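Reviewing the structure listed below.
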Amino acid sequence: MKVILKENISNLGTKGEVKNVSDGYARNYLIPKGMAEEATPARLKEWEKQKKIIEKKEQKEEEKAREIAEKLEGQKINFKLKAGEEGRLFGSATSADISEALKEKGYEIDKRKIELEDPIKNTGNHEIEIKLMPGITTRIQVEIEGTK
């Protein structure tokens, strides 16, 4: 059965693509969950129109993400957290903390876009990568000062 994907599905395709899948997969999973719809000629024409609108929207979002990336490049965020001997923190600085600090500076960045392998647990300077969109990343500096 041919279906039009309504969203990106890993190992299958991206939004707007027409894919040939088994009838059971389409009827029992994709269509009921709203992830796809049957590819009839009328729906294909409708998707072509919507595809152009979506492309324009994505282009605007990409431009906005590039603009934000330029503004964020080189930004520095300071935290004062309780630390023990040798600069080890009592607790940690997480992506949520960094997101909140960025929000205070006027940037709405989702915590899931902040790339931290592990929460920061030491004082000092740390370079953090933020992935705004696929292919658009920027780096910021996070400085953590220890207090007693």
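Calculate for the chain the 222 nm mean residue ellipticity that helices alone would give, adding -39,500 (n - 2.57) per DSSP H run of length 4 or more and normalising by residue count, nearest 500 deg cm²/dmol. Walk me through the numbers on the way to the answer.
Details: 2 runs with 42 residues, N = 148.
The helix contribution divided over the chain gives -10000 deg cm²/dmol.
Along the axis of the charge dipole computed for region 2-63 (Cβ charges of +1 for Lys and Arg, -1 for Asp and Glu, origin at the Cα centre), the listed residues Gly34, Gly13, Gln59 are led at the positive end by Gly34.
Mean sequence separation of contacting Cα pairs (under 8 Å, at least six apart), scaled by the length of the chain, corresponds to a relative contact order of 21 percent. Once the Cα-Cα distance is subtracted from the 0.36 nm per residue extended length, the Arg43 to Thr147 segment shows a gain of 31.3 nm. Once the Kirkwood radius over Cα pairs is known for region 1-57, the Stokes-Einstein relation at 10 °C and 1.306 mPa s delivers a diffusion coefficient of 139 µm²/s. Looking only at the chain, where both bridge partners belong to it, what percent of the DSSP beta bridges are antiparallel (to the nearest 5)? Here the antiparallel bridges make up roughly 75 percent for the chain. Once both axes come from the Cα atoms, what is the angle between helix 95-104 and the longest principal axis of the chain, in degrees from 0 to 90, rounded to 10? For 95-104 against the chain, the angle is about 80 degrees.
The alpha carbons of region 5-148 give a radius of gyration and a Dmax of 21.7, 69 Å, in that order. Report the paramagnetic label zone for Thr94: residues of region 124-148 whose backbone N is under 17 Å from a point 7 Å from Cα along the Cα-to-Cβ axis. Nothing falls inside the zone, counting backbone N under 17 Å. Against the main long axis of the alpha-carbon atoms of the chain, helix 41-72 sits at an angle near 10°. The label point for Thr137 and the one for Asp23, both projected 7 Å from the Cα toward the Cβ, are 4.6 nm apart. Going from the residue with the fewest nearby Cβ atoms within 10 Å to the one with the most, Leu116, Leu12 rank Leu12, Leu116. Per-residue 3J(HN,Hα) values for region 113-126, derived from phi via the Karplus relation 6.51 cos²θ - 1.76 cosθ + 1.60 with θ = phi - 60°, read 8, 8, 8, 10, 5, 9, x, 6, 10, 10, 6, x, 9, 9 Hz in sequence order (x marks Gly and Pro).
Would you mind ranking Glu37, Glu104, Glu58 so that the residue whose beta carbon has the fewest other beta carbons within 10 Å leads the list?
So the ranking, lowest neighbour count to highest, is Glu104, Glu58, Glu37.
Backbone N atoms of region 59-103 closer than 15 Å to the 7 Å Cα→Cβ label point of Asp118 belong to residues 88-95.
Bear in mind these aren't lab numbers, they're just calculated from the coordinates by the rules spelled out. What you are looking at is a predicted structure, and each value in this text was computed from that prediction instead of being measured. When we count neighbours, we look across all protein chains shown, and the Cβ atoms used for this are built from the backbone with ideal geometry, even at glycine.
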